[in-house]
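These notes concern the structure reproduced below.
The values are calculated or read from the model by the stated rules, or taken from the named source; none is laboratory data. From a predicted model like this one, the values you see are computed outputs, not experimental measurements. Positions of Cβ are backbone-derived with ideal geometry, glycine not excepted, and every protein chain shown enters the neighbour counts.
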2 protein chains.
Amino acid sequence: MRAFRPDLTDRSRQLQDLETPCALVDLDRLSTNLDAMASYTILHGLALRPHVKTHKSPRIAAEQVQRGAVGLTCATPRELEVMAEVSNDLLLAYPLLGAAKLARVMQLPREVRLTVGLDSMIAVDALATAARAADRDVRVLIEVDMGMHRVGVQSAEEALALAMLVRASAPLSFGGIMFYPGHIREHVDEQHGALDRLRDDLGHLITLLGDAGLPPTIVSGGSTPAAWRMHEVKGVTEVRPGTYVYNDRTTAAIGACGWDDCAFTVLGTVVSTAVPGQAVVDCGSKALGREPMRGTPGEGFGALLDRPEVVVSRMSEEHGILDLSATDWRPRVGDQVRIVPNHVCVVVHLNDTIHGVRGDQVESLWPVAARGRAP
Amino acid sequence: MRAFRPDLTDRSRQLQDLETPCALVDLDRLSTNLDAMASYTILHGLALRPHVKTHKSPRIAAEQVQRGAVGLTCATPRELEVMAEVSNDLLLAYPLLGAAKLARVMQLPREVRLTVGLDSMIAVDALATAARAADRDVRVLIEVDMGMHRVGVQSAEEALALAMLVRASAPLSFGGIMFYPGHIREHVDEQHGALDRLRDDLGHLITLLGDAGLPPTIVSGGSTPAAWRMHEVKGVTEVRPGTYVYNDRTTAAIGACGWDDCAFTVLGTVVSTAVPGQAVVDCGSKALGREPMRGTPGEGFGALLDRPEVVVSRMSEEHGILDLSATDWRPRVGDQVRIVPNHVCVVVHLNDTIHGVRGDQVESLWPVAARGRAP
């Protein structure tokens, strides 16, 4: 579709000029990833409401909107506030609790249509009270547990009861249901069973709500791995993938993208080769997070972009140990490496800024504007 | 000694008024912890050069200096720049590599005596070149591996060779040696062997350096668990503990502090009780990190301050699952909890601000000023 063109503030710099550790995004891969999900959802008639938790950047969110996203999904008040600059249709896929947080979110620009996902009567009551005080319409999605066992009501009957409570709690309105199929991975065969169960449970729930006069306008699924399968689940109207913009070592390992679709890396420098059999880089848990591979086997906390057989096998806060047992490569102190992290969303959250690159050329620098919690 | 008295900007607030997740520090416990390490080092005639990586706060660093710290230990250029406001004697316990980073650090105020720890000839050469260009004296500590196998030269002979190179590389000067005994824990009996080996290896190294006309002025050990044992190791002149200011679930579990010495908690709110047997709080990996217990058994990623038997057993980015199987306590949606994290240093790094509290009273708010990498 269109190339990602951020401000060219940094065009004169090369990777070797950057201080490490720092976060890099390959701008060509980012464009490809943005296009791929947009095309998939257009092809299958699914609404795309990407989750901004991965990039936390209004400029990337704007690229998503320009490619047809109907709105954006957020997890925090900070994300809502920043993304209100980009979209007037925001879903907080998270219960809103606590007086300070409720009051803060009710102050979003009035032209923003706010939708909130929740799974409890207490959350409905708190939201209704705040919405009334702010004289603000708020749409509600009931979160249902479709097998991940994290949050979400446990039965269709509970969902219906909560939907009826929402209907009776003006200025709230019932918008539909949401679920997070994080337990469904792309390429694992036995998970066809999980997909079948999802179809059955969702069909039953939609029927029950419809029979009660509360047909869900929105049936929102999500997550990058499962997003590519959501057209196979009847009734789903929208998806909320986040990770697909950057992808990561896990997304590639489970087959939801290729290694060449990994757009995000952490640039590091080898700082010590003193201990035999390893090289130490300046990317530890404060730069890479300490996320395991998810839903797929795989050692370590990240792998080199151009040598995926070399993994970060141990970490301290500011040290990452590259295990050299699977390679003949012997780096020197001062060499730079690019590491694909296991879970990109937590790594973005560790950075204040991101460098946009093509090859070794640094083209841009943008803030991770929605990072943190501050108002 | 003296009570920690930050600015009283927030005295009117209670915990229930705060947005969650957020970071809390119990100010009384902080004072106790600061006093305890200061007293220990004074008692045993050890220099205290605390590592600021844990708090990243100049105001807590100032409290450490006021209690007798000879200087501060840093890991990043950002930490050096912020801590130069507080102390004129800074150790960068990390090799300095890359032109941008070297140039940045050479711009520290000239009244700061800078010491750098390193373990390679390349790092010596790079530092000497930058120091010459900046016309700046820099003291060097040779990092030696005393059993942790992370960084550090592998033999006394290598340490001597590097020390001789430093001596020949004006304006660098040889200051001594440093090691990080992160493998030595407080209460584990079989580690008396590790302590014995440390004594032997260190004695041999100090003798070798002395015989070569390079007696180390500084022999710097460190880490909170091992700090309390360093008076048992002849030759050690200073310690570099960081975690002791706040402590955490690991520090308590290994016996290096009591549970009541844990000063740092993450305040969270119960957001869902929909799935039986668990409660979900708004503290996930973006609030707690995903650190295991270190050097000691223990499940989960944190435990409740007032119910240590309740642990965060699973996490997503913004969800933490409290396992309720070991308790009769059944929280309600909207209840607040205080979580002691497994590893406080990485949690501080996730926060822009910290609330100082006494009981339920919020007394102050301070920035984590040295967080991040930005100049």
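A few remarks follow.
- Filtered by the rule that a residue be modelled with pLDDT of 75 or more and more than 24 Å from A:L162 (Cα to Cα), the stretch A:185-214 gives A:G193, A:A194, A:L195, A:D196.
- Residues satisfying the stated conditions in the stretch A:118-146, i.e. more than 17 Å from A:A93 (Cβ to Cβ), of a type outside the set (K, R) and in a loop (DSSP other than H, G, I, E, B): A:D135, A:D137
- Scanning the stretch B:348-364 for residues that are touching a Lys or Arg at 6+ places or on another chain (Cβ under 9 Å) and within 26 Å of A:G289 (Cβ to Cβ) turns up B:V348, B:H349, B:L350, B:N351, B:D352, B:T353, B:H355.
- Of everything listed in (1) within 14 Å of another protein chain (Cβ to nearest Cβ); (2) among the aliphatic types (A, V, I, L, M); (3) surrounded by fewer than 20 Cβ atoms within 10 Å (Cβ to Cβ); (4) not in a strand (DSSP E or B), the single unmet condition for B:A370 is (3).
- The residue that is nearest to the other protein chains (Cβ to nearest Cβ), counting only those in the stretch B:293-349 that are within 22 Å of B:R371 (Cβ to Cβ) and of a type in the set (G, A, S), is B:G320.
Yes/no per residue for (1) modelled with pLDDT under 95; (2) more than 22 Å from B:L48 (Cβ to Cβ); (3) within 12 Å of chain A (Cβ to nearest Cβ):
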| site | (1), (2), (3) |
| --- | --- |
| B:T115 | no, no, no |
| B:I122 | no, yes, yes |
| B:L127 | no, yes, yes |
| B:A130 | no, yes, no |
| B:P181 | yes, no, no |
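- Residue that is farthest from the other protein chains (Cβ to nearest Cβ) [pool: residues in the stretch B:256-292 that are more than 28 Å from A:V344 (Cα to Cα) and of a type in the set (A, V, I, L, M, F, W, C)]: B:W259
- Every condition in (1) farther than 21 Å from B:D248 by Cα; (2) among the aliphatic types (A, V, I, L, M); (3) touching a Gly at 6+ places or on another chain (Cβ under 8 Å) is met by B:M315 except one, and the failing one is (1).
Per-residue answers, yes or no, for (1) of a type in the set (A, V, I, L, M, F, W, C); (2) buried (at least 20 other Cβ atoms within 10 Å of the Cβ); (3) touching a residue at least 24 places away in the same chain (Cβ under 8 Å):
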{"position": "A:A226", "(1), (2), (3)": "yes, yes, yes"}
{"position": "A:R229", "(1), (2), (3)": "no, yes, yes"}
{"position": "A:E232", "(1), (2), (3)": "no, no, yes"}
{"position": "A:V236", "(1), (2), (3)": "yes, yes, yes"}
{"position": "A:P241", "(1), (2), (3)": "no, yes, yes"}
{"position": "A:C257", "(1), (2), (3)": "yes, yes, yes"}
{"position": "A:D261", "(1), (2), (3)": "no, no, yes"}
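- For the stretch B:321-347, filtering for residues that are closer than 24 Å to B:M293 by Cβ, touching a strand residue (DSSP E or B) at 6+ places or on another chain (Cβ under 7 Å) and either assigned by TED's automatic domain parsing to the domain that holds B:T54 or surrounded by 17 or more Cβ atoms within 10 Å (Cβ to Cβ) (or both) leaves 13.
- Every condition in (1) surrounded by fewer than 19 Cβ atoms within 10 Å (Cβ to Cβ); (2) over 17 Å from B:G213 (Cα atoms); (3) within 14 Å of chain A (Cβ to nearest Cβ) holds for B:P171 except the one numbered (3).
- Filter pass, B:A253 being without any contact (Cβ under 8 Å) to a residue 60 or more places away in the chain, more than 14 Å from chain A (Cβ to nearest Cβ) and aliphatic (A, V, I, L, M): yes
Condition check ((1) of a type in the set (D, E); (2) at pLDDT 95 or above; (3) in contact with a Phe, Trp or Tyr (Cβ under 7 Å, 6 or more places away or on another chain)) across all residues:
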position	(1), (2), (3)
B:D306	yes, yes, no
B:V312	no, yes, yes
B:S316	no, yes, no
B:R332	no, yes, no
B:Q336	no, yes, no
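Every residue, every condition in (1) in the same structural domain as A:A36 (by TED's automatic domain parsing); (2) at pLDDT 95 or above, yes or no:
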residue	(1), (2)
A:P216	yes, yes
A:G221	yes, no
A:A226	yes, no
A:H231	yes, no
A:K234	yes, no
A:T237	yes, yes
A:R240	yes, yes
A:I254	no, no
A:W259	no, yes
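- Residue, surrounded by the most Cβ atoms within 10 Å (Cβ to Cβ), within the stretch A:350-362, restricted to residues that are in contact with a Cys (Cβ under 9 Å, 6 or more places away or on another chain) and within 9 Å of chain B (Cβ to nearest Cβ): A:N351
- Pair list, Cβ under 8 Å, 6 or more apart: the stretch A:147-164 residue closer than 16 Å to A:D211 by Cα and touching a residue at least 24 places away in the same chain (Cβ under 8 Å), other residue surrounded by fewer than 24 Cβ atoms within 10 Å (Cβ to Cβ) and charged (D, E, K, R): A:A156/A:D201
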